[in-house]
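Asker: One structure, as structure tokens, below. Some questions next.
The values are calculated or read from the model by the stated rules, or taken from the named source; none is laboratory data. Just so it is clear, the model here is predicted, and its values are computed rather than measured. Cβ coordinates were reconstructed from backbone atoms using ideal geometry, including for glycine residues, and neighbour counts include every protein chain displayed. For accessibility, only protein heavy atoms count, side chains too; no ligands or nucleic acids. Shrake-Rupley method; radii C 1.70, N 1.55, O 1.52, S 1.80 Å.
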Amino acid sequence: MRVTNDPAGQGGAAGAFAELFRLESDFQARLAEETLRYLRQLHGAVVPVAPGTVVLPSDGLELRATGARRATAQLMLDVENLQRAHCLVTPQVTPLVSAAGVTWFPASDGAMPSRLLAPGTSERFTLTLSIPAALPAGDYRGAMLLQGFRSNSIAVVVTVEDESSNSGKFVAKAKQKAAHAGATKTAKKAAKKSTTKTTKKATKRAGKKPFGTRRGA
Amino acid sequence: MNTPADHVSLVDAPEEAGRTTATLVASLAARLATLYAVSGAAAVGSIVAGFAAIGRDYGSTAEGARLRRAFERGRVASNGDALWSALHIKRWASLVPAAPLLEQLRNDMALLLAPNLGETLALLPIPGEPAGGLADADEPATEFLDCLLGMYAFSRDMTTAIEALAAPTRKDDTVMVPEGGSGPPRGSLLR
């Protein structure tokens, strides 16, 4: 095939020339990337292994907590050390996100619950999360991470209720109805309507949009 | 009250020998022995990359994300990135594998509490296990902010661990009374 640098159109020989250039630059970039990767792997292969720890959650584990705004929610987790050596455990919570797109960066009360667990012992970790007044009611999903372990993530759901008991109760009741097998569409709508109302009220009261709130939420 | 479902167990990684006093001693000894075989740049680079790896993990937590945002708002992040780039720290630290610093800290702390350390040390030399194929080659580049967050998270864990080591035998007495009475010493020479 004759390769030309004639700038006539995209197709034909000029297209082939550009394609050659593209392939060559892709190859060079990939070569550099793979060489770095290979060098790192080579270094890593001779480094001594540090015996690690794997987190083994019970089947279908999902930590749940409920709390009203301006109050707290407590996440509790029992951690058992089945290894033959002591283990330092530091649980942390990731940002929690609601279905409406609101992101909550929970601040935990008090000191970081870090513990040194002896072999064969079990301890309960309690993370107390302060629920901000501006946080719209709803279910917030995220994870609890046990820092420095492998496969260290545990699913977390925090249900934030409205501090005004009437609408909170209404939401909870409506959600409970919807959860039943024969849930009617009306209950679901009522719950949604009430949640939206509460969210709007909270946003208005706070005077600003909470972080991560979508437009019109 | 917690339901039985809110429970996790900490177990050994299936592809490894597990955390015993012997393997922890072997790992520490091998780490020290490796220092003679690698350059200072490789050793320090590996530690820097290790801090960045902790920082990436910690940055995904609520507390870490808040701290990260605070750095990003000020001049810390931009100045740090400028230094990182001008001194080629990113390229240097991205070339070497990240040291598993938290695991090493946890393992070293466990050795200090091991009841059979004396007998295990008598068995030395115990061959260390190289990481081999277990080494993670697909780590992201070592960034300045990750390293900063990692150093914070690591030092917090280290402080907690050292406090926990001292806790069982620690006394917070502020006054010490000598044994055998509290009066001044008496004798013919002391007048």
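Asker: What is the stretch A:60-147 by shape, rounded, prolate or oblate, if you read a ≥ b ≥ c off the alpha carbon gyration tensor as root eigenvalues and call it rounded for a/c under 1.5, prolate for a/b larger than b/c, and oblate otherwise?
Answerer: Values: a/c = 2.73, a/b = 2.20, b/c = 1.24.
Judged from the Cα gyration tensor, the stretch A:60-147 comes out prolate (a/c at least 1.5, a/b above b/c).
Asker: Ignoring ligands, DNA and RNA and using a 1.4 Å probe, state the total buried accessible area between B and A in Å², rounded to the nearest 100.
Answerer: Details: alone 13980 and 14900 Å², together 23290 Å².
The contact between A and B buries close to 5600 Å².
Asker: Treat every Asp and Glu Cβ in chain B as -1 and every Lys and Arg Cβ as +1, leave all other atoms uncharged, and give the resulting dipole magnitude about the Cα centre to the nearest 20 debye. Kindly include the intermediate steps, with their values, before the conclusion.
Answerer: On the way: 16 positive and 22 negative charges, 195 e Å.
The calculation lands at about 940 debye.
Asker: Let me ask another. Got a number for the accessible area of B:Trp84? Probe 1.4 Å, square angstrom, nearest 10.
Answerer: Ignoring ligands and nucleic acids, B:Trp84 comes out at about 30 Å².
Asker: Also, quick follow-up: By its C-alpha gyration tensor, with a ≥ b ≥ c as the square roots of the eigenvalues, how is chain B shaped: rounded for a/c under 1.5, else prolate for a/b larger than b/c, else oblate?
Answerer: Values: a/c = 1.84, a/b = 1.48, b/c = 1.24.
Verdict is prolate for chain B.
Asker: Leaving ligands and nucleic acids out of the surface, order A:Arg22, A:Arg115, A:Arg70 by accessible area at 1.4 Å, largest first.
Answerer: Sorted descending by solvent-accessible area, the residues read A:Arg70, A:Arg22, A:Arg115.
Asker: Just to check I understand the Karplus step: with θ = phi - 60° and J = 6.51 cos²θ - 1.76 cosθ + 1.60, what whole-Hz values come out for the stretch A:15-28, glycine and proline as x?
Answerer: Result, ordered by residue: x, 5, 5, 4, 5, 4, 4, 4, 4, 5, 5, 4, 5, 5 Hz.
Asker: Starting from the 7 Å offset along Cα-to-Cβ, what nm value, one decimal, do you get for the label separation of A:Met76 and B:Ser9?
Answerer: 2.2 nm
Asker: Can you tell which of B:Ala62, B:Thr23, B:Ala49 lies farthest toward the positive end of the dipole of the stretch B:11-66, using +1 and -1 charges on the Cβ of basic and acidic side chains (Lys, Arg; Asp, Glu)?
Answerer: B:Ala49
Asker: Only helical DSSP H runs with n ≥ 4 go in: add -39500 (n - 2.57) per run for chain B, normalise by residue count and round the 222 nm mean residue ellipticity to 500 deg cm²/dmol.
Answerer: After summing the helix terms and dividing by residue count, I get -17500 deg cm²/dmol.
Asker: I need the shape label for the stretch A:92-136. Rule: rounded when a/c is under 1.5, else prolate if a/b > b/c, else oblate, with a, b, c from the alpha carbon gyration tensor.
Answerer: Working: a/c = 3.91, a/b = 2.44, b/c = 1.61.
Since a/c reaches 1.5 and a/b is larger than b/c, the shape of the stretch A:92-136 is classed as prolate.
Asker: Below 8 Å between Cα atoms, with a sequence gap of 6+, how large is the relative contact order for chain B in percent?
Answerer: Relative contact order here is 37 percent.
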